[in-house]
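Rule-based calculations on the coordinates, nothing more; no lab input. All values derive from a computational prediction rather than experimental measurement. Cβ: placed from backbone, ideal geometry, glycine included. Neighbour counts: every protein chain shown.
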Amino acid sequence: METDFERIIKENIGILHKLCRVYTYNAGEYAELFQEMLVQIWRASEKFRGEAKISTFVYQICINTALSFRAKIGRSKKRFESLDGKILVQPAPDAEKDERLQRLYAAIRELKPVDRAIVSLYLDEKSYEETAQILGISKTNVATRLSRLKKQLMEKLTV
Amino acid sequence: MNEEELKSLWQADQAAPTIDFAKLQKSLSVWHDKLRRKVKIEIWLQGATVVLTFIPVFFYPKLIFFALFIAVLGVWYIPELRKLYQRENDKKGDVKNSLSMKILTMQRYFRRTRIVMYVFTPLAIPAVFYGLGFFDKPSATFSDLMFSLIKPLIIYEVLTIIATEIYFAILYTPALNELKNLLRQLDFNEN
């Protein structure tokens, strides 16, 4: 029988995958961050009572985890091997085939960590309101930053 | 590429990895059980340390001050240390709130560690001497004995401050600065 946790992951695995692509630079880091996101969602899902949309909930946890990951909070080898030391996931199929997608991820990775989150939410067609709710900033701030970030992204991709 | 093409490209990326959920659930349960056992052991150890510290007081009643210091350390400081290493994120909350909480947790840990190292520990040393009867020598007054401890205490205090600040600078300050930087990025443009 599928648990709530499994359902949440299956329905939102795209969020984890894309945020891991955006916040990591190699397969090892990808697997490490993906695993940590799974752990964090699993812990939080026990206390989730439907106060927000599930995708909002997943985004908040994954972005928090990714930012902590990049800030190297508590990233000891011991901690990330706590789940029996093996990578639990099968590696993502070769996603590098699409050169345009490669370039898009590379361009996003050049942005500041917080800006990567804003762009990811924008590309997933989240509203300003939802983006503001996830990040804890104002809608106006989201709009202002997104306008600048879209320009930056286009410049990087047309070079 | 225009904006719509970018969104289509992004949303078309379905290359997420496959997860063996049975193995994952089992590993998570095992990990969670290990964590609960670890927390239980830590709580028992804490309690036992506090109790054991009071045993010598029956033989050397003046060690009560030192014992109280250890008890305060156990109750006031060790949980703070544990909070720092907790895998939080089980708190609901937006990204900004989460970052702010992490910063507060680290700053609280720094503050408490400084109080323990710079204030409590130097007081604990004379308390041990006092408890073991060093201040009971009939030939010297209490104030003479206290003054004789001043020089070693000053040296101890200076070395403690240097060691503690180096410890923070190496282990925690880079991460704290990065968290503050992330919060500043979020706050940029906020009115």
Placing +1 at every Lys and Arg Cβ and -1 at every Asp and Glu Cβ, with all other atoms neutral, what dipole size does chain B have around its Cα centre, in debye to the nearest 20?
760
Of A:K151/B:K180; B:K34/B:K102; A:K126/A:K156; A:K47/A:K139; A:K112/A:K151, those spanning more than 19 Å from alpha-carbon to alpha-carbon:
A:K151/B:K180; B:K34/B:K102; A:K126/A:K156; A:K47/A:K139
What shape does the protein assembly as shown have by the C-alpha gyration tensor, where a ≥ b ≥ c are the square roots of the eigenvalues, rounded means a/c under 1.5, and otherwise prolate means a/b greater than b/c and oblate the rest?
prolate
In deg cm²/dmol, rounded to the nearest 500, the helical mean residue ellipticity at 222 nm of the protein assembly as shown, built from -39500 (n - 2.57) for every DSSP H run of length 4 or more, is -23500 deg cm²/dmol
Which value, in debye to the nearest 20, describes the size of the charge dipole of the protein assembly as shown about its Cα centre when Lys and Arg Cβ atoms bear +1, Asp and Glu Cβ atoms bear -1, and nothing else is charged?
720
Which of B:L132, B:S29, B:P79, positive extreme of dipole for the stretch B:18-137 (C-beta unit charges)
B:S29
Report the per residue volume, in Å³, of the convex hull enclosing the C-alpha atoms of the stretch B:1-117.
154
Please give the average number of partner chain Cβ atoms lying within 10 Å of the Cβ of each residue in A:98-105, rounded to a whole number.
3
I'd like the FRET efficiency for B:L159 and B:K34, computed as 1/(1 + (r/R0)^6) with the beta carbon distance as r and R0 of 41 Å, rounded to 0.05.
0.65
For the stretch A:6-51, with only Lys/Arg (+1) and Asp/Glu (-1) charged at the beta-carbon, what is the dipole magnitude about the Cα centre, in debye rounded to 20?
160
Across all Cα atoms of the stretch A:1-48, Rg and the largest Cα-Cα distance (Dmax), in Å, are 11.4, 36
Among A:I13, A:F57, A:Q40, whose Cα sits farthest toward the positive end of the charge dipole of the stretch A:1-64 (+1 at Cβ of Lys/Arg, -1 at Cβ of Asp/Glu, about the Cα centre)?
A:F57
